[in-house]
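Here the structure is laid out as structure tokens; the discussion comes afterwards.
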Amino acid sequence: ERHALALGSAEAAMSGTGATCDAVRFSVSNGTVTDNLTGLQWEQKTDDASVHDVGNVYTWSAGHTAADGTVYTSFLATLNGAGCFANHCDWRLPTISELMTLLLEPYPCTTSPCIDQTIFGPLASTGDWTSKTCNVVPSAAWSVNFHNGNVFYQSKNAQFAHVRAVRGGL
């Protein structure tokens, strides 16, 4: 079950429409995208059946509350495991605000997709998990849909959600 989040002006301002005054906003290297405005480094998605494949789906929780689903035990464990992805071992789920910085404009996005696929790679069919539990429904976590910019929550044990890893911080 999915429920939408009404965006406040502060979060809408965090959308990915800004750019630095004299530099390129995004730099692509070794399967990652560095956002030169926020300082975040993102996993670039692929369509190659690897851990980075856009078609991979994960659960947030094995039950309904703990952060012990396959997004943690499989996906992040692989990125932060032996050798580490792109020579970094601190990959994690993004916050809602961090994922929203990738949107071309706030919800409702007038273009679809609402993310630059030439930079970030193929687009998932549903929303991408965030690290944030829904306060009013603790068995749900927030997701961002890059087709229209919608932010919604869904059951943590849903087996159809995607993920885009990030490292660094705002």
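Summary table below
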{"quantity": "Subset of region 133-170 that is charged (D, E, K, R) and under 21 Å from Asp35 (Cα atoms) - its residue that is least open to solvent (accessible area, probe 1.4 Å)", "calculated": "Arg164"}
{"quantity": "Candidates Val71, Val54 - the one that is open to solvent by less than 40 Å² (accessible area, probe 1.4 Å) and either touching a Lys or Arg at 6+ places or on another chain (Cβ under 6 Å) or basic (Lys, Arg) (or both)", "calculated": "Val54"}
{"quantity": "Checking Ala77 against (1) touching a strand residue (DSSP E or B) at 6+ places or on another chain (Cβ under 9 Å); (2) modelled with pLDDT of 95 or more; (3) surrounded by fewer than 21 Cβ atoms within 10 Å (Cβ to Cβ), the condition it does not meet", "calculated": "(1)"}
{"quantity": "Lone qualifier among Ser50, Ser61, Ser74 - being among the small types (Gly, Ala, Ser) and closer than 23 Å to Val28 by Cα", "calculated": "Ser50"}
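The values are calculated or read from the model by the stated rules, or taken from the named source; none is laboratory data. Here the structure is a predicted model, which is why all the values come from computation and not from measurement. So basically every Cβ, Gly included, is an ideal-geometry build from the backbone, and we count neighbours across all protein chains shown. To get the accessible areas, we keep the full protein, side chains included, count just its heavy atoms, and leave off ligands, DNA and RNA. Shrake-Rupley method; radii C 1.70, N 1.55, O 1.52, S 1.80 Å.
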